[in-house]
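Report on the structure given below.
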Amino acid sequence: MRTRRWLMGDLVIPQDILDDVEAHAREAYPGECCGLLSGPAGDPRAITSGRRLTNLADRYHALDPETYPRTAKDAYIIDGMLMQRALAEGDAGGVPVKAVYHSHCDCGAYFSKEDQLVAAPDGTPVLPVVYLVTSVRGGGVVDDHKLFAFHEGEWVEAPFTIGSRPSMM
């Protein structure tokens, strides 16, 4: 398996991709949004595309509120088959998924205990990604972004830079 250096964070996320994450967060409010950020395997820090996904939390809650007590207001659920397909296609195409993003509504950008449990239910990360959390308040004010990586057995805030797209030469 090749080294996935992006798992330490230090990603460079272009402003236009971050703008779309913010727009997605505002559109989904008062529910959480979710999506994927990808970039070339040969440039571990680079993010070159974002993909919006549908948060399935409300659907799961409506079908089985006992098993899924949380709604999109305070949770997100990504279609597992879609996630596995995106990971496989990204790896095969040399443009792996490097981050999962989601928003938090009216509570700040942090990696909650629930987020941590979903990302690493047995203490080992399920996906080879880092997590970008965007805070949106009052339906339209995005006030923070934080990136989280699994390091030495725990989730820690990791650096990222807002930049521009790499030049295509």
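Taking region 87-105 on its own, how many of its residues are surrounded by 20 or more Cβ atoms within 10 Å (Cβ to Cβ) and either closer than 14 Å to residue 53 by Cα or among the acidic types (Asp, Glu) (or both)?
6
Only residues that are part of a strand (DSSP E or B) and among the polar types (S, T, N, Q): list them for region 1-56, please.
If the condition is that a residue be part of a strand (DSSP E or B) and among the polar types (S, T, N, Q), then 38, 49 are the ones that fit.
Taking residue 142 as the residue in question, decide whether it is of a type in the set (A, V, I, L, M, F, W, C), surrounded by 14 or more Cβ atoms within 10 Å (Cβ to Cβ), within 15 Å of the chain's Cα centre (by Cα) and in a strand (DSSP E or B). Quick ask: steps written out before the conclusion?
Values: of a type in the set (A, V, I, L, M, F, W, C): yes; surrounded by 14 or more Cβ atoms within 10 Å (Cβ to Cβ): yes; within 15 Å of the chain's Cα centre (by Cα): no; in a strand (DSSP E or B): yes.
When the stated conditions are applied, residue 142 does not pass them.
Out of all the residues in region 96-137, which are under 20 Å from residue 20 (Cβ atoms) and more than 13 Å from the chain's Cα centre (by Cα)? Talk me through it step by step, then tell me what you get.
Here is the first cut: in region 96-137, the ones under 20 Å from residue 20 (Cβ atoms) are 96-105, 109, 129-137.
Across region 96-137, the qualifying residues are 96, 105, 136, 137.
What number goes with the only condition from (1) surrounded by 15 or more Cβ atoms within 10 Å (Cβ to Cβ); (2) under 20 Å from residue 135 (Cα atoms); (3) aliphatic (A, V, I, L, M) that residue 23 does not pass?
Unmet condition: (1).
Quickly run through region 57-97 and pick out the residues that are acidic (Asp, Glu) and part of a helix (DSSP H, G or I). Break it down stepwise before answering.
Of the residues in region 57-97, the ones acidic (Asp, Glu) are 58, 64, 66, 74, 79, 89, 91.
Scanning region 57-97 gives 58, 89, 91.
Within region 38-65, can you find the residues that are in contact with a Phe, Trp or Tyr (Cβ under 6 Å, 6 or more places away or on another chain) and modelled with pLDDT of 95 or more?
From region 38-65, those in contact with a Phe, Trp or Tyr (Cβ under 6 Å, 6 or more places away or on another chain) are 44, 55, 57, 60-61; that's our starting set.
Those that are in contact with a Phe, Trp or Tyr (Cβ under 6 Å, 6 or more places away or on another chain) and modelled with pLDDT of 95 or more: 55, 57, 60, 61.
For residue 149, only one of the following conditions fails: (1) more than 28 Å from residue 68 (Cα to Cα); (2) touching a residue at least 40 places away in the same chain (Cβ under 8 Å). What is its number?
Result: residue 149 passes all but (1).
Residue under question is residue 136, and the condition is that it be more than 26 Å from residue 43 (Cα to Cα), out of contact with any His (no Cβ under 6 Å at 6 or more places or on another chain) and either surrounded by fewer than 19 Cβ atoms within 10 Å (Cβ to Cβ) or of a type in the set (Val, Ile, Thr) (or both); does it hold?
Working: more than 26 Å from residue 43 (Cα to Cα): yes; out of contact with any His (no Cβ under 6 Å at 6 or more places or on another chain): yes; either surrounded by fewer than 19 Cβ atoms within 10 Å (Cβ to Cβ) or of a type in the set (Val, Ile, Thr) (or both): yes.
Considered against the rule, which asks whether it is more than 26 Å from residue 43 (Cα to Cα), out of contact with any His (no Cβ under 6 Å at 6 or more places or on another chain) and either surrounded by fewer than 19 Cβ atoms within 10 Å (Cβ to Cβ) or of a type in the set (Val, Ile, Thr) (or both), residue 136 comes out as yes.
Give region 149-164 a look and list any residue that's among the β-branched types (Val, Ile, Thr) and over 19 Å from residue 114 (Cα atoms), or say none.
Those that are among the β-branched types (Val, Ile, Thr) and over 19 Å from residue 114 (Cα atoms): 161, 162.
Filter region 28-52 for residues that are of a type in the set (Ser, Thr, Tyr), under 15 Å from the mean Cα position of the chain (by Cα) and surrounded by 19 or more Cβ atoms within 10 Å (Cβ to Cβ) and give the result.
Here is the first cut: in region 28-52, the residues of a type in the set (Ser, Thr, Tyr) are 29, 38, 48-49.
Still in the list and also under 15 Å from the mean Cα position of the chain (by Cα): 38, 48-49.
Correct list: 38 only.
The values are calculated or read from the model by the stated rules, or taken from the named source; none is laboratory data. Every value quoted in this text rests on a predicted model; they were computed, and no experiment measured them. Cβ: placed from backbone, ideal geometry, glycine included. Neighbour counts: every protein chain shown.
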